[in-house]
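Okay, so here's the structure we're looking at.
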Amino acid sequence: MTCKVGVDISKMKLDVAWLRADGKYRSKVFPNNAGGFAELLRWLQSNLPDGKATAHVCMEATGTYHEALALFLHDQAVAVSVVNPLQVKRFMELEGVRNKTDGGDAKALARFCDKTAPALWEAPSAGVRSLQALVARLDTLLELRQAESNRLEVAHDAVRSSLTAVISSLDESIKDVRMQIRKTIDDDPDLRQRGELLASIPGLGDRTIPSCSHTSGVPSDSAASRR
């Protein structure tokens with residue numbers, strides 16, 4: 001027996017709905033943090049009807065919000081599906097549900113899981129996780145450097161030396177992160193293969209290689225344009 005559980009994720013909380021065998025729901029709200037994840041796991045385990053039952057948790061892909069919970073549950077051997085929000089929206093429309101609510105969305109996700117049996121989520125490798133974190137950090141550093149460079153163009157003489165020092169420090173950090181990105185790719189056979197493939201495509205080159213952290217292995221237009 002597999003119990004279907006929907007989790008609607010926001011920045012601060014997790015709205016959870018457990019679809020029971022009688023069609024009713026058991027609902028609970030948890031904080032969206034490490035402590036809340038542990039509480040959710042204990043709640044799932046305590047509500048399984050017998051030792052042979054398992055839980056299948058379904059959540060929408062919500063940028064960075066869903067990743068930590070999906071990874072935590074996956075590492076605890078809980079079946080997880082991360083689904084396209086548009087698919088869930090269409091499912092709700094077919095059911096005649098028009099207005100989105102926190103608790104209602106969690107229930108809809110549980111029903112979606114029950115009716116469609118979505119594919120299980122595959123956790124990224126440790127190398128991909130590291131690369132994703134490094135690429136995100138590189139993006140932040142590049143944005144900070146651009147902002148400081150813009151300020152330098154119109155800065156008063158009294159603050160120019162300070163801005164120049166900050167930019168120099170950011171340049172060192174950017175160089176360091178890029179070296180870490182390259183090492184992470186070189187140390188991971190799968191990432192290295194993807195990187196070599198991207199580098200071989202005319203017009204992409206080495207500057208787009210960090211984008212191979214995407215699960216598809218192909219950089220998005222936005223990622224390529226940023227680099």
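Structure data summary
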{"quantity": "Hits in region 139-158 - residues which are over 28 Å from ILE181 (Cα atoms) and out of contact with any Lys or Arg (no Cβ under 8 Å at 6 or more places or on another chain)", "calculated": "ARG151, GLU153, VAL154, ALA155, HIS156, ASP157, ALA158"}
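This table checks each residue for (1) within 18 Å of LYS4 (Cα to Cα); (2) at pLDDT below 95; (3) out of contact with any Pro (no Cβ under 6 Å at 6 or more places or on another chain); (4) not basic (Lys, Arg).
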residue: GLY35; (1), (2), (3), (4): no, no, yes, yes
residue: PRO49; (1), (2), (3), (4): yes, yes, yes, yes
residue: HIS66; (1), (2), (3), (4): yes, yes, yes, yes
residue: THR101; (1), (2), (3), (4): no, yes, yes, yes
residue: ASP105; (1), (2), (3), (4): yes, yes, yes, yes
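The values are calculated or read from the model by the stated rules, or taken from the named source; none is laboratory data. These figures come from a predicted structure and were not determined experimentally. Counting neighbours? That spans all protein chains shown, and the Cβs are built from the backbone with ideal geometry, glycine included.
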